[in-house]
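Report on the structure given below.
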Amino acid sequence: MISKIKNVLKNLDLKRQLGAIVVFSLILSLISLILILPNLLTPFYEKNIYEILSQPLSFIQNKNDSSRKNVVHIIKNNNNIYISSNFTNYFNKKDVNLINSITTKSYGKFILDDQTYYYSTSNKDNTKIITLTDDEFIVNQRKMMSFIIFPVVAITIFTITLILVIWNNHLVNKITKIKEKVDNIDNNKYDHTYTFKINDEVNSLINSVEEMRKELNSKEEYKTNMYQSLSHELKTPIAVISSYVEAANDKIISYEEAIDTIDDEIKILSSDVNKILELNKISYLKENGEIKNETIDVTDLLNDLVKKYKLQRRDIKWIINIEKENILRGTYDIWKVIFDNIFGNFMVYADKKIEVTIKDNKLEFYNDGENIDNNLIKDVFTQYKKGIKGKFGLGLSIVKKSVELYGYQISVENKEKGVLFKIE
């Protein structure tokens with residue numbers, strides 16, 4: 001039976017599931033009201049009966065007290081037994097001795113001829129007084145409580161049920177709206193501006209879905225730009241190589257001239273491919289948590305790289321302010337990639353001076369080239385974003401991702417003349 005109910009609930013939509021819960025709660029409340037509540041109140045009714053029965057006999061016999069008209073008495077004095085005038089309205093005279101024998105406690109109840117009776121006894125001066133009544137009082141109390149409690153509770157339950165039904169429909173409509181939004185997450189024609197009036201968890205959920213949609217669109221746009229950029233970056237050297245091979249074959253230029261140009265383009269192509277592989281490597285390390293917890297003294301590495309790049313631009317003045325020991329988080333390979341890409345950028349844009357400063361584990365790299373356009377400077381570290389002189393640079397993006405692997409941040413700012421990069 002339970003498995004059948006589970007199977008039925010599995011096939012219900014959310015609105016019907018909540019509706020079933022509301023109906024079940026309503027039935028349970030009615031059962032509690034009709035069956036359980038009266039039984040819970042019975043001890044209170046019985047307590048009132050025993051208090052009435054324990055009243056002094058003179059008070060009970062007051063004829064003006066109509067509430068006690070169904071109270072009967074048995075008085076046993078020595079060998080004599082007396083009964084009240086209304087005794088035979090409830091019992092047979094032959095039941096006197098039986099009642100006397102079973103009423104051994106100060107109060108209690110017994111069943112005689114399928115009728116429940118309540119009693120209270122008192123003993124004084126060798127006289128036993130037994131006061132009895134039937135269950136009419138409890139029946140009347142239950143009826144009275146039913147007339148008072150049942151309508152109030154029934155109205156309350158109905159009101160709560162109505163509120164739950166309205167809330168149920170409202171909640172399901174909100175969830176349906178979220179489902180529609182998710183189903184149309186890649187549909188730009190769909191109206192995604194809908195928000196709920198109540199700022200609850202469901203509203204937070206739809207806001208999260210909207211943020212996710214924007215993020216997905218942004219990534220899709222980024223992916224499109226990336227493919228376009230890669231196509232441009234890789235297609236250009238390939239096209240040059242192809243044209244020079246064709247020109248050499250047609251005897252337009254010499255093979256030696258073609259080989260020199262092809263060699264230059266292969267170096268450019270190789271550099272771009274290496275940068276793409278480096279980006280993928282950094283992304284892999286970050287996503288898989290395979291970042292080595294190491295430190296390195298970058299002093300020798302920097303000095304060696306400065307010597308190498310000095311040979312490429314002999315016209316540039318190098319100012320080096322490096323302390324004897326510079327311990328940084330990271331590996332030799334990572335910091336070599338970082339410095340290579342910064343210096344590689346400087347080789348292109350520096351005019352007459354490059355300055356490298358490391359102090360208190362803060363790194364500064366300055367070149368006196370042209371300032372970066374204010375419209376481009378915020379995207380200078382964004383990969384595949386068309387930047388300075390229309391180029392799709394990857395080097396600075398690699399630098400940013402690399403330093404962030406070990407908790408560092410890189411920033412760039414235009415100086416009065418030139419550009420300053422800071423790693424800290």
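Are there trypsin sites (Lys or Arg not before Pro) in the range 107-201 that DSSP puts in a loop and that have at most 10 other Cβ atoms within 10 Å, and which ones? Walk me through the numbers on the way to the answer.
Details: sites: Lys109, Lys124, Lys128, Arg142, Lys143, Lys174, Lys177, Lys179, Lys181, Lys189, Lys197; in loops: Lys189, Lys197.
Those that pass, being in a loop and sparsely packed, are Lys189, Lys197.
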Note to self: 7 Å from Cα along Cα→Cβ at both Asp263 and Ser242: what's the point-to-point distance in nm?
What the structure shows: 2.5 nm
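Just in the range 122-220: which chymotrypsin sites (Phe, Trp or Tyr not before Pro) are loop by DSSP and have at most 15 other Cβ atoms within 10 Å? Before the final figure, lay out the partial values.
Details: sites: Phe137, Phe147, Phe158, Trp167, Tyr190, Tyr194, Phe196; in loops: Tyr190, Tyr194, Phe196.
Passing both the DSSP loop test and the Cβ count: Tyr190, Tyr194.
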Note to self: For Asp297, project a label point 7 Å along Cα to C-beta. Then give me every residue of the range 326-340 with its amide nitrogen under 18 Å of that point.
What the structure shows: 326-333, 335-336
Item checked: Qualifying trypsin sites (Lys or Arg not before Pro) for the range 283-378 [loop in DSSP, other Cβ within 10 Å: at most 10] -> Arg314, Lys324
Notebook entry, point to check: Can you list the aspartates and glutamates whose alpha carbon sits under 16 Å from that of Lys281, skipping same-chain ones fewer than 8 residues off?
Noted result: Asp272, Glu290, Asp333, Glu404
Check: Looking at this model, which pairs from Lys324/Lys401; Lys310/Lys336; Lys47/Lys93; Lys47/Lys76; Lys76/Lys105; Lys181/Lys214 are more than 23 angstrom apart at the alpha-carbon?
Finding: Lys324/Lys401; Lys47/Lys93; Lys47/Lys76
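The numbers here are math on the coordinates, done by the rules we state, and not lab data. For clarity, every value in this text was computed on a predicted model and none was experimentally measured. Positions of Cβ are generated from backbone atoms using ideal geometry, with glycine treated the same way; all protein chains shown enter the neighbour counts.
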